[in-house]
Amino acid sequence: MSDLETFRSETRAWLEANCPAEMREPVRDDGDVYWGGRNATFKSDAQKAWFEACRDKGYTVPAWPKEYGGAGLSPAEAKVLREVMASINARPPLSSFGIWMLGPALLHFGTEGQKQRFLNEIARGEIRWCQGYSEPGSGSDLVSLQTYGEDKGDHWVVNGQKVWTSYADKADWIFCLVRTDKNDKYRGITFMLFDMATAGASTKPILLISGNSPFCETFFDDVKVPKSYGEDVPAQVGEINRGWDVAKYLLGHEREMISGADGGNTGTIGGALSRNSVDMDPLLRAELAMFDVDALAYAAMGEKFLDEIKVGKAHPAQPNMMKYAGTELNKRRHELIMSAGGSTALEWDSEETEGGKPSRNWLRTKANSIEGGTSEVMLNVISKRILELPGG
Amino acid sequence: MPLYHNDDQAMLAESAGQFMGEEGAIARQLRHWRDRDCKDGFGHDLWKQFGEMGFTGILVDEDNGGLGMGHVEAGIVLEEVGRNLTPSPFLTSSVLAATALKHGSDDMRGRYLPGLVAGDSVFAVAVDEGAKHNPSRIATRAEKSGNGFKLSGKKDFVIQGASADMLVVAARTSGSDGDENGITLFAVPKDATNMSHDAVRLVDSSMATHTTFDAVELDGDAVIGEVDNGRAILDAMLDAGRVGSAAEGVGVARGAMDLTVDYLKQRKQFGTLIGEFQALQHRAAHLYSEVEIARAAVIKAQQLLDGDSDKASLMASVAKAKVAKTAGLAVREGVQMHGGIGMTDEYDIGLYMKRDRALQEFLGDAYFHANRVAELSGY
């Protein structure tokens with residue numbers, strides 16, 4: 001048996017022994033997701049047991065090095081783990097922006113001290129992070145952001161406002177873009193880490209058209225951010241005034257995630273929707289069929305994109321194309337789900353719709369082509385960087 | 001298998017690209033033959049060169065002198081054919097007919113394949129009956145007669161039918177017109193008596209025929225595969241052709257897009273390059289995205305076909321439908337963004353529009369294939 005096959009059978013046995021039956025059910029709502037953090041509570045004993053078993057094994061972040069709380073798996077082993085977990089429908093033991101966003105940025109740009117401290121905290125689910133990028137007036141055009149950190153020697157004093165900060169009200173720390181040089185539009189931004197419990201930091205939830213929302217407005221009123229949290233643990237990631245490099249790297253990860261290159265929103269819908277609808281309109285059926293053609297083609301693109309990324313064949317701006325096409329497709333998907341659902345899909349809080357799932361999801365997708373860079377910005381990037389069309 | 005070309009395939013793409021860009025270029029082939037009102041719609045010398053390059057026998061096994069490669073490789077040649085609008089019998093002869101002949105007897109394969117591999121023979125396929133592709137309804141009949149059959153009926157949209165040395169004909173040997181079963185494929189030689197071609201030139205300057213069979217007498221050894229059980233071979237042939245025509249369509253889309261993007265970088269209006277206008281940038285970027293996605297669908301379909309996957313038919317239709325939509329978008333945007341010049345015969349962009357139109361219709365359009373995707377998905 002090859003090493004990989006040994007690993008597969010051992011992993012299967014470990015999961016059999018450690019993943020409780022309750023944790024092999026699909027995630028139904030946000031309560032089924034464990035986000036970690038200082039004030040986190042578990043929904044059930046099974047959720048706690050599953051999280052702790054994974055944490056101790058390094059499986060909250062399997063591909064990270066062992067010294068930072070991961071399991072140090074090779075890409076091939078990590079793939080096997082994903083496959084085996086998927087085969088028993090295991091829930092993710094821990095979800096967090098620390099894992100998806102800050103972690104990759106720290107692995108790439110962080111100091112050894114930062115990695116030791118923050119990556120371990122993330123892997124163990126001790127600190128819950130939020131992302132402070134967008135501002136009122138600075139959405140996709142991030143370089144225009146205004147939140148300002150004034151240099152006071154051993155610390156900054158940060159003033160300003162962020163918006164669309166997902167789960168800011170539940171987060172312990174923030175990774176935040178702060179202008180530290182007003183004279184340099186691109187370079188004068190620093191990627192800072194600080195505690196949301198610091199005096200002067202406050203949050204306010206934003207109610208969305210879907211009736212609920214993870215988003216907040218975040219305010220900084222003379223927030224004192226120390227420049228260092230100890231030896232080799234600076235408060236900024238990368239260099240001061242060069243936070244844009246970190247932010248761009250991280251946005252690449254975010255776009256891949258939103259675009260569903262991971263298979264999240266690539267499915268067809270015609271088969272499932274038409275089964276529930278005896279009197280399907282032939283034109284609606286035709287639209288569903290055209291959608292399925294596009295969805296299957298996009299799924300092939302997702303597969304091709306990942307294959308090419310692995311061997312460095314993908315154009316660096318290809319994630320922008322995936323994000324653009326994936327989010328536009330997902331909006332169309334939910335328009336069609338609403339059409340096929342008819343009046344039932346309109347029910348806002350009935351049992352039939354599990355609390356208005358179709359309509360809330362439909363409304364939620366409208367943000368797909370806005371968050372993480374709008375479709376228009378994606379098209380700008382494609383036309384400039386891939387097609388090399390002229391102009392500023 | 002990863003969804004990109006391996007080293008050997010990348011080499012093939014390079015040589016096919018170079019060959020088609022030089023020998024198969026628009027001025028040298030498409031315009032040349034069109035302006036001479038060529039009765040075949042393509043040049044036999046070029047077809048001979050296809051043979052010398054080894055392209056003709058890509059899908060023919062080595063025992064019959066071919067290369068024994070797959071649909072990914074055939075698609076590589078077709079994408080370059082599409083990009084350069086190179087008129088040739090490659091799709092009908094080397095993809096469709098060659099796929100059908102895989103099921104022919106040794107004797108039949110020995111009779112036809114060496115000529116194909118050498119670039120001497122040209123084959124056509126006669127499936128459609130009527131203006132829209134509908135292979136589930138076949139009315140052309142072949143009735144038992146002595147040791148052989150008598151073939152009667154009429155086929156339409158037979159590409160290069162009058163130039164072909166042999167036609168693969170789908171006919172009914174039992175049952176009624178709409179039946180799934182009862183289909184038999186025949187290899188009908190060009191000199192068959194009582195077969196007549198009404199040749200027509202199409203919008204893209206290619207030649208097609210309405211072909212009539214009036215009690216054409218065929219020997220028993222003209223049967224490809226088994227009598228009455230030809231549906232599976234017909235489907236395999238059509239799926240190969242669909243994936244192949246999708247690959248050619250991607251080439252057409254890329255050719256049109258490249259021409260257009262180049263033009264956006266050169267043409268000035270109102271004192272600026274028109275490629276600086278965001279309205280045009282966004283449309284070009286959208287087009288690029290669609291072309292990339294269509295290419296992914298095509299290579300996925302090629303790999304599934306090569307791997308004999310039971311998902312191959314579904315993906316063949318996905319690829320054909322997606323490419324039809326995408327190439328259509330590419331040529332429409334191309335002509336529009338070229339402005340008035342895009343309407344002139346002198347500029348090539350209009351030739352792409354014409355070729356795309358014919359290719360969309362060949363072996364089923366986007367509507368046909370979206371419908372097939374729905375049926376294969378159970379709705």
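Taken over region A:186-200, the criterion of being surrounded by fewer than 21 Cβ atoms within 10 Å (Cβ to Cβ) and closer than 15 Å to A:TYR133 by Cα is satisfied by A:TYR186, A:GLY188. Suppose the filter is of a type in the set (Phe, Trp, Tyr) and more than 17 Å from B:ILE233 (Cα to Cα); does B:PHE213 pass it? Spelling it out, B:PHE213 is indeed of a type in the set (Phe, Trp, Tyr) and more than 17 Å from B:ILE233 (Cα to Cα).
One residue is enough: does region B:141-162 have a residue meeting the conditions under 25 Å from B:LEU304 (Cα atoms) and part of a loop (DSSP other than H, G, I, E, B)? So that I can check it myself, show each step before the final result.
Of the residues in region B:141-162, the ones under 25 Å from B:LEU304 (Cα atoms) are none.
No, that holds for no residue.
Condition check ((1) of a type in the set (Lys, Arg); (2) surrounded by 19 or more Cβ atoms within 10 Å (Cβ to Cβ); (3) in contact with a Pro (Cβ under 9 Å, 6 or more places away or on another chain); (4) within 11 Å of chain B (Cβ to nearest Cβ)) across all residues:
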{"residue": "A:ASP294", "(1), (2), (3), (4)": "no, yes, no, yes"}
{"residue": "A:TYR298", "(1), (2), (3), (4)": "no, yes, no, yes"}
{"residue": "A:LYS310", "(1), (2), (3), (4)": "yes, no, yes, yes"}
{"residue": "A:PRO316", "(1), (2), (3), (4)": "no, no, no, no"}
{"residue": "A:TYR324", "(1), (2), (3), (4)": "no, yes, no, yes"}
{"residue": "A:LEU329", "(1), (2), (3), (4)": "no, yes, no, yes"}
{"residue": "A:SER339", "(1), (2), (3), (4)": "no, no, no, no"}
{"residue": "A:LEU346", "(1), (2), (3), (4)": "no, no, yes, no"}
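Taking the criterion of being open to solvent by less than 10 Å² (accessible area, probe 1.4 Å) and either at pLDDT below 95 or not hydroxyl-bearing (Ser, Thr, Tyr) (or both), the residues of region B:49-65 that qualify are B:PHE50, B:PHE55, B:GLY57, B:ILE58, B:LEU59, B:VAL60.
Scanning region A:135-191 for residues that are under 17 Å from A:THR374 (Cα atoms) and not in a loop (DSSP other than H, G, I, E, B) returns A:GLU135, A:SER138, A:LEU142, A:VAL143, A:SER144, A:VAL163.
Filtered by the rule that a residue be assigned to a loop (DSSP other than H, G, I, E, B) and open to solvent by 40 Å² or more (accessible area, probe 1.4 Å), region B:340-379 gives B:THR344, B:ASP345, B:GLU346, B:TYR347, B:ASP348, B:SER377, B:GLY378. Within region A:34-51, residues that are open to solvent by 80 Å² or more (accessible area, probe 1.4 Å) have Cβ atoms under 8 Å from residues that are part of a loop (DSSP other than H, G, I, E, B) and aromatic (Phe, Trp, Tyr) in these pairs: A:LYS43/A:TYR34; A:LYS48/A:PHE42, counting only partners at least 6 apart in sequence or on another chain.
Taken over region A:86-115, the residue count meeting the criterion of being open to solvent by 20 Å² or more (accessible area, probe 1.4 Å), of a type outside the set (Gly, Ala, Ser) and under 21 Å from A:ALA53 (Cα atoms) is 6. B:SER196 passes every criterion in (1) among the hydroxyl-bearing types (Ser, Thr, Tyr); (2) without any contact (Cβ under 8 Å) to a residue 12 or more places away in the chain; (3) assigned to a strand (DSSP E or B) apart from (2). Would you confirm whether or not region A:168-184 contains a residue that is among the polar types (S, T, N, Q), open to solvent by 30 Å² or more (accessible area, probe 1.4 Å) and out of contact with any strand residue (DSSP E or B) (no Cβ under 9 Å at 6 or more places or on another chain)? Among the residues of region A:168-184, at least one is among the polar types (S, T, N, Q), open to solvent by 30 Å² or more (accessible area, probe 1.4 Å) and out of contact with any strand residue (DSSP E or B) (no Cβ under 9 Å at 6 or more places or on another chain), which makes the answer yes. Would you mind stating whether B:GLY255 is open to solvent by 60 Å² or more (accessible area, probe 1.4 Å), outside the structural domain of B:ASP106 (by TED's automatic domain parsing) and over 30 Å from A:GLY270 (Cβ atoms)? Considered against the rule, which asks whether it is open to solvent by 60 Å² or more (accessible area, probe 1.4 Å), outside the structural domain of B:ASP106 (by TED's automatic domain parsing) and over 30 Å from A:GLY270 (Cβ atoms), B:GLY255 comes out as no.
When A:TYR59, A:TYR34 are checked against the criterion of being farther than 27 Å from A:ASN212 by Cα and either in a loop (DSSP other than H, G, I, E, B) or of a type in the set (Gly, Ala, Ser) (or both), a single residue qualifies: A:TYR59. Criterion applied to B:GLY328, B:GLY271 was being of a type outside the set (Asp, Glu), open to solvent by 10 Å² or more (accessible area, probe 1.4 Å), more than 7 Å from chain A (Cβ to nearest Cβ) and out of contact with any Leu (no Cβ under 9 Å at 6 or more places or on another chain), and the one residue passing it is B:GLY271.
Here the condition is being of a type in the set (Val, Ile, Thr), under 26 Å from B:ALA25 (Cα atoms), away from every other protein chain (no Cβ under 13 Å) and touching a Lys or Arg at 6+ places or on another chain (Cβ under 9 Å); of B:ILE341, B:ILE299, B:ILE349, it holds for B:ILE341 alone. Residue-level check: of (1) within 14 Å of another protein chain (Cβ to nearest Cβ); (2) open to solvent by 50 Å² or more (accessible area, probe 1.4 Å), B:ASP106 misses just (1). Inside region B:274-296, residues that are at the interface with chain A (Cβ under 7 Å from one of its Cβ atoms) and either out of contact with any Leu (no Cβ under 7 Å at 6 or more places or on another chain) or not polar (S, T, N, Q) (or both) make up a count of 12.
Any residue in region B:77-90 that is in a helix (DSSP H, G or I) and more than 20 Å from the chain's Cα centre (by Cα)? Walk me through how you get there before you give the answer.
Kept after step one, since they are in a helix (DSSP H, G or I), are these residues of region B:77-90: B:77-84, B:90.
Going one step further and asking which of them are more than 20 Å from the chain's Cα centre (by Cα), we end up with none.
Checked region B:77-90: no residue is in a helix (DSSP H, G or I) and more than 20 Å from the chain's Cα centre (by Cα).
The values are calculated or read from the model by the stated rules, or taken from the named source; none is laboratory data. These numbers were taken from a predicted model, which means no experiment stands behind them. As a convention, Cβ positions derive from the backbone with ideal geometry for all residues, glycine included, and neighbour counts pool all protein chains shown. Remember, those area values only see protein heavy atoms, side chains included, never the ligands or the DNA or RNA. Shrake-Rupley method; radii C 1.70, N 1.55, O 1.52, S 1.80 Å.
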